[in-house]
1. Identify, by number, the condition in (1) in a helix (DSSP H, G or I); (2) without any contact (Cβ under 8 Å) to a residue 60 or more places away in the chain that Asp287 doesn't meet.
2. Output the number of the condition that Ala307 fails; it satisfies all remaining conditions of (1) without any contact (Cβ under 8 Å) to a residue 24 or more places away in the chain; (2) small (Gly, Ala, Ser); (3) open to solvent by 50 Å² or more (accessible area, probe 1.4 Å).
3. Residue under question is Thr236, and the condition is that it be open to solvent by 40 Å² or more (accessible area, probe 1.4 Å), in a loop (DSSP other than H, G, I, E, B) and either over 19 Å from Met302 (Cα atoms) or not small (Gly, Ala, Ser) (or both); does it hold?
4. Quick check on my filter: what residues within segment 449-491 are of a type in the set (Lys, Arg), within 42 Å of the chain's Cα centre (by Cα) and surrounded by fewer than 16 Cβ atoms within 10 Å (Cβ to Cβ)?
5. Can you name the residue in segment 414-429 that is free of Cβ contacts under 8 Å to residues at least 60 places away in the same chain and over 35 Å from the mean Cα position of the chain (by Cα) and is also nearest to Leu460 (Cα to Cα) among such residues?
6. Restricting the search to segment 123-167, which residues are more than 23 Å from Asp45 (Cβ to Cβ), open to solvent by 90 Å² or more (accessible area, probe 1.4 Å) and either touching a residue at least 60 places away in the same chain (Cβ under 8 Å) or in a loop (DSSP other than H, G, I, E, B) (or both)?
7. Hey, can you tell me all the residues within segment 263-280 that are in contact with a helix residue (DSSP H, G or I) (Cβ under 8 Å, 6 or more places away or on another chain), farther than 18 Å from Glu214 by Cβ and of a type outside the set (S, T, N, Q)?
8. Tally up the residues in segment 183-218 that are part of a loop (DSSP other than H, G, I, E, B), small (Gly, Ala, Ser) and open to solvent by less than 20 Å² (accessible area, probe 1.4 Å), please.
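The values are calculated or read from the model by the stated rules, or taken from the named source; none is laboratory data. Quantities reported herein were computed from a predicted structural model and do not represent experimental measurements. Every residue, glycine among them, receives a Cβ derived from its backbone with ideal geometry; neighbour counts consider all protein chains shown. Each accessible area value is taken on the protein alone, full model and side chains, heavy atoms only, with ligands, DNA and RNA left out. Shrake-Rupley method; radii C 1.70, N 1.55, O 1.52, S 1.80 Å.
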Amino acid sequence: MREENPSSSEFIPVTIDKSHIITIGERLYTESIEFVRELVNNAYDADATLVEIIVAEDLIEIRDNGAGMDRKGLKQYFNIGSQQKLYSPKSPLYNRDRIGQFGIGKFASLSACKRFEVITRREDFVGRVIFDKEQWEKPGDIWQLPLEVLPADFRKQNGTTVMLEGLDKRFGAKDIEQKIIEGTPIKAPQFRVKINNHTVTPRSLTGHRLPFLEGTSFGPVTGEIVILPETASTATDLGIEVKVKQVTVRRELFGMETWGKTMARVRGEVNADFLPITSDRTGFIKDSREYQEFFEIMARVMEGVKATLQKLTVKKETKKVSRALKDALQRIYRSLAANPDLSPFGAFPSGDEVKGIGDAAEVAGKKEGVSGREVRVEEKPEMPVKKKKKKPKVKRLTPNAIIKKIKFGETGVSCVVDSFGEDGPEVFSEEITIYINRDHPLYKRESAKIETHTLNLARLITQEISLMKDPRNPRQAFERQSKLLKDAFID
């Protein structure tokens, strides 16, 4: 067997067409507007306190007051896939966690424009590099860009200006602002972004706030979930913003897709700087141990959010039912007062106005005239006869039961609205207590509308009251109910 002579080995150079660099940028940043986010984050990494963006018809200019770049820095800037920020993860002045990672964003910008110009100053060095897409592709395998050294007074302070000229399409200032809000750390101290002289501010959400802090073996998970009011819920931008180093990578639902319409009320953000992200910065490496542990944490957080959302929903529903029940009972009271012969409770007490809804009714004291003077006569109350309490036949009420009493002098009925299951009766009575089933399909349908909710409650209550008058004759009970309902809603 003949051994090969090592000295005769040949080497094949690895090359890539320069036009592919632009294609890579386009594919990594599927939205060409992403380049703006990348350039703003570069300014943040350079300890800028102010980034000003000018958006014109065929020009976008991004100017910052950061540290700027010298010759070495410019070479590093155009080094594709540089690992420099991995070796120096903190900025020198404000100790910021550096965001930029791949250095491909500037090439993505060439998918949106024809010319990319960088002017930068660091101390006494001022330089300009022009990246003309058409000119750069002409020389074939020559990989270089023209650097022009400018006079020191060309730019007054340290920082970098990037100009994109010859835009292939227009970019709206509002669209860029949306991308800045999601994709840059505008909440960071000593950092501000302005677009056409308008300061970009974080979104402000109004609602029930649920902050959280959880620990993992890779680092902390912090954030805040906001449950929006029903009037503010929307089907756009669903999910929780997942941020790495204060930058939104993507929105995640964390199981909310099974919650139905209520998921539209949930927004918020979660920060987990340890999460590994994909090369295009639009997703996470979900089979990594970091993401799997993160997802388990968020699953527990969202269970708590779901429980709170259900409590808030029930609380609001309880208020709505309580108002409707009170209105229905007030109408029924007036109707019974106008039709005492239809009442199963006997004649109404005479005297001043009687408040029949709630606890004990208030009845005016009797008056008698003696020698031209009014004397209040207090009747001696009879000693109450203790009766043996009967055990209730109905199942124990839930904590969300709504109970109101309608009184006629010393007697009356209690009305209970509670959950008795979809297969349970819509309404039933036990002695002088009327139970209304809020789980019943008919009740659900009628309670969904404000105008029918009170009417339906009044229908169910008058039905039971009419049967109490004479349970042996349902036909007459139906006629009594019709009369009571008509007079209850005569207005």
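1. All conditions pass for Asp287, except number (1).
2. (3)
3. Numbers: open to solvent by 40 Å² or more (accessible area, probe 1.4 Å): yes; in a loop (DSSP other than H, G, I, E, B): yes; either over 19 Å from Met302 (Cα atoms) or not small (Gly, Ala, Ser) (or both): yes.
The answer is yes for Thr236.
4. Lys449 - this is the single residue of segment 449-491 that is of a type in the set (Lys, Arg), within 42 Å of the chain's Cα centre (by Cα) and surrounded by fewer than 16 Cβ atoms within 10 Å (Cβ to Cβ).
5. Top of the filtered list is Val427.
6. Residues satisfying the conditions are Lys138, Asp141, Trp143, Gln144.
7. Those that are in contact with a helix residue (DSSP H, G or I) (Cβ under 8 Å, 6 or more places away or on another chain), farther than 18 Å from Glu214 by Cβ and of a type outside the set (S, T, N, Q): Met263, Arg265, Pro276, Asp280.
8. Matching residues across segment 183-218 total 1.
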